[in-house]
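Asks: Mind having a look at this structure? Questions to follow.
The values are calculated or read from the model by the stated rules, or taken from the named source; none is laboratory data. Quick caveat, the model's predicted, so the values are computed rather than measured. So basically every Cβ, Gly included, is an ideal-geometry build from the backbone, and we count neighbours across all protein chains shown. Please note that ligands, DNA and RNA were not included when accessible areas were found on the heavy atoms of the full protein model with its side chains. Shrake-Rupley method; radii C 1.70, N 1.55, O 1.52, S 1.80 Å.
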Amino acid sequence: MAEGLPYRPPADAAEALRVQEELRARVDLVGPGPSAPATVAGLDVAYAESGDRLAAAVTVLDAATLTVVDEAVCVGRPAFPYVPGLFAFREMPALLTALERLTVRPELLVCDGHGVAHPRRFGLACHLGLVTGLPTIGVGKTPLVGSWAGPGPRRGDRADLRDGEEVVGRVLRTRDGVRPVFVSVGHRIGLDEAVERVLALTPRYRLPETTRTADQLCRRALAADGDRG
């Protein structure tokens, strides 16, 4: 992986809040990100119904063909209690382990979650970007913060996601007439470029192929772990 910051697991929620407040100033919201990445990774996490097991998956796709060229998974336990706004701390250790197991180095990370579209402007995509040193985008299925007007009904239509007066992301229509997704910068990429990268990753479905393949992998891994148990 590229040079990043060491991950420090917080002892409690107060320390986790301090980490977010401390690190958010180090997020690069401009980039530029890779103009034509050869490989793009998707990251997703699935939880067992009991909530005490998770599977973190990373799939690396050829950016031109969107075929999977590498994948890795880590099955374990959540590393932190469930606290709204601190979800990244539950998943980071397992995701980082999965990333380290890759043999193909991705040039861009796409997280199933948010970047700066977060109450403290430091969601999972920001944290992963800083720790890995890689350009990172957050693509959420639902918003964590903000309001918007639009976008239009056609694929590619977009609207600013605003939290107060601040633009924290874009609401992007990836399929005609289908619910939009919520794109925000994680690290080392600009918002306009992030939106274009997400459009390139959604040729057929609402969600990026990176998210779809990672979701399938972590669910398979969790089911296999349950069968072994």
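Asks: Per the Kirkwood formula on distinct C-alpha pairs, the Rh of the range 131-173 is how many angstrom?
Replies: Averaging 1/r across every pair of different Cα atoms and inverting gives 11.6 Å.
Asks: Picking from Val83, Val185, Val58, which is most flexible by a Gaussian network model of the chain using Cα springs under 10 Å?
Replies: Largest GNM mean-square fluctuation: Val83.
Asks: Given the options Val198, Val116, Val104, state which has the largest fluctuation in a GNM of the chain using a 10 Å cut-off (strictly under) for Cα springs.
Replies: Between Val198, Val116, Val104, it is Val104 that shows the largest mean-square fluctuation.
Asks: Let me know the longest stretch in the chain that avoids all GluC sites (Glu not before Pro) found in a DSSP loop with at most 13 other C-beta atoms within 10 Å.
Replies: Counting only loop sites that pass the neighbour cut-off, the longest clear stretch is 50-164.
Asks: For the range 117-229, what does the equivalent ellipsoid look like in terms of its semi-axes, each the square root of 5 times an eigenvalue of the Cα gyration tensor, given largest first in whole Å?
Replies: For the range 117-229, the ellipsoid semi-axes come out as 25, 19, 13 Å.
Asks: Skip the ligands, DNA and RNA, and give the accessible area per residue of the range 110-188 with a 1.4 Å probe, whole Å².
Replies: In whole numbers, the range 110-188 has 35 Å² accessible per residue.
Asks: Relative to 2.2 N^0.38 Å, what does the C-alpha radius of gyration of the range 70-123 come to as a ratio? Two decimals please.
Replies: 1.25
Asks: Further question on the same structure: Looking only at Cα atoms, what is the convex hull volume of the chain per residue, in Å³?
Replies: Convex hull of Cα atoms, per residue: 118 Å³.
Asks: Go ahead and estimate [θ] at 222 nm for the chain from helices alone: -39,500 (n - 2.57) per DSSP H run with n ≥ 4, summed, over the residue count, rounded to 500.
Replies: Using -39500 (n - 2.57) per qualifying helix, the result is -8500 deg cm²/dmol.
Asks: Let me ask something else. Of the beta bridges DSSP finds with both residues in the range 1-111, what % are antiparallel, to the nearest 5?
Replies: About 80 percent, rounded to the nearest 5.
Asks: Turning to a different aspect of this structure: Can you check how the C-alpha radius of gyration of the range 7-126 compares to 2.2 N^0.38 Å, as a plain ratio?
Replies: Scaled against compact globular proteins, the figure is 1.10.
Asks: While we're on this one: Pairwise over distinct Cα atoms, reciprocal of the mean inverse distance: report the Kirkwood radius of the range 163-226 in Å, one decimal place.
Replies: One over the average 1/r among Cα pairs gives 13.4 Å for the range 163-226.
Asks: Sorted by packing (mean other beta-carbon atoms within 10 Å per residue), highest first, where do 122-135, 139-152 land?
Replies: 122-135, 139-152
Asks: Mind giving me the FRET efficiency for Ala200 and Ala11? R0 is 45 Å, r the Cβ-Cβ distance, nearest 0.05 is fine.
Replies: So, using R0 = 45 Å, E works out to roughly 0.65.
Asks: Ignoring ligands, DNA and RNA, please state the percent of accessible area on the range 42-98 from carbon and sulfur, probe 1.4 Å.
Replies: Carbon-and-sulfur percentage of accessible area, whole number: 54.
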